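Accompanying notes for the structure given below.
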Amino acid sequence: MSRFRTFVKWAKKNHLTTNEPFDEYEIGQPMYGTPFYITKEERNILYAAEFPKNPGLEIQRDIFVFHCFIGCRVGDLLQMKKSNVINGAIEYVPRKTKEGRPITVRVPLGPTALEILERYPDVPGNRLLPFTCAQDYNRNIKKMLRLAGIDRQVTVINSLTREEE
């Protein structure tokens, strides 16, 4: 509904409609469940996993494990360049703070994170890692975890029904 509201506002701004259906209708705030995390043991199992039938998953695995080590947002990870690696650490300004109070975050890189970076020295465009498509990233993470035998149940909130699943 919020995407549709955005479209209607755009249409009104561009004089394509005079209709204001959202004057009488309120869209609630998005509901997010409690985040859940993989354990260090699960991360290590995933890092050791091989996917010979799908080598692209091994690249995604490396990106995800690196992501686990630095703990940034996906959008920030996508923007990182080789120049963000400074003296054995990664430095960046999170997009969330760029507009308000910009701060530089410095995350020391451990041996595994550095090992992952060394695997991808020739990524085009000075990008840090060969990240392909943000839309497929979550799907690939789930697939990799399943193939690595990590399959514990977690409770999440269904965003449509607002019920636990």
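Taking only the range 137-159 into account, find how many residues are outside any loop (DSSP other than H, G, I, E, B) and touching a residue at least 12 places away in the same chain (Cβ under 8 Å).
Initial filter on the range 137-159 (outside any loop (DSSP other than H, G, I, E, B)): 137-147, 157.
Remaining after also requiring touching a residue at least 12 places away in the same chain (Cβ under 8 Å): 137, 140-141, 143-145, 147, 157.
Qualifying residue count, the range 137-159: 8.
Working only within the range 44-68, note down all residues that are among the acidic types (Asp, Glu) and surrounded by fewer than 19 Cβ atoms within 10 Å (Cβ to Cβ). Spell out how you get there, then give the answer.
We begin by selecting, within the range 44-68, every residue among the acidic types (Asp, Glu); these are 50, 58, 62.
The answer is Glu50, Glu58.
Screening Asp151 with (1) within 24 Å of Phe36 (Cβ to Cβ); (2) surrounded by 10 or more Cβ atoms within 10 Å (Cβ to Cβ); (3) in contact with a Leu (Cβ under 9 Å, 6 or more places away or on another chain) gives one miss only, at (2). A count restricted to the range 124-135 and to residues that are part of a helix (DSSP H, G or I) and either free of Cβ contacts under 8 Å to residues at least 40 places away in the same chain or of a type in the set (Gly, Ala, Ser) (or both) stands at 4. From the list Arg162, Arg119, Arg61, Arg101, the one residue that fits, being touching a residue at least 60 places away in the same chain (Cβ under 8 Å), over 18 Å from Tyr37 (Cα atoms) and among the basic types (Lys, Arg), is Arg162. Yes or no: Pro94 within 26 Å of Arg139 (Cα to Cα) and touching a Cys at 6+ places or on another chain (Cβ under 9 Å)? Against the criterion (within 26 Å of Arg139 (Cα to Cα) and touching a Cys at 6+ places or on another chain (Cβ under 9 Å)), Pro94 qualifies. Within the range 73-96, residues that are on the phi < 0 side of the Ramachandran plot sit with their Cβ atoms under 8 Å from residues that are part of a helix (DSSP H, G or I) and among the hydroxyl-bearing types (Ser, Thr, Tyr), at 6+ positions apart or across chains, in these pairs: Val74/Tyr137.
All of the numbers you see were taken from the coordinates with simple rules; none came from a lab. Quick caveat: nothing in here was measured; it's all calculated off a predicted structure. Here the Cβ is made from the backbone with ideal geometry for all residues, glycine too, and neighbour counts use every protein chain on show.
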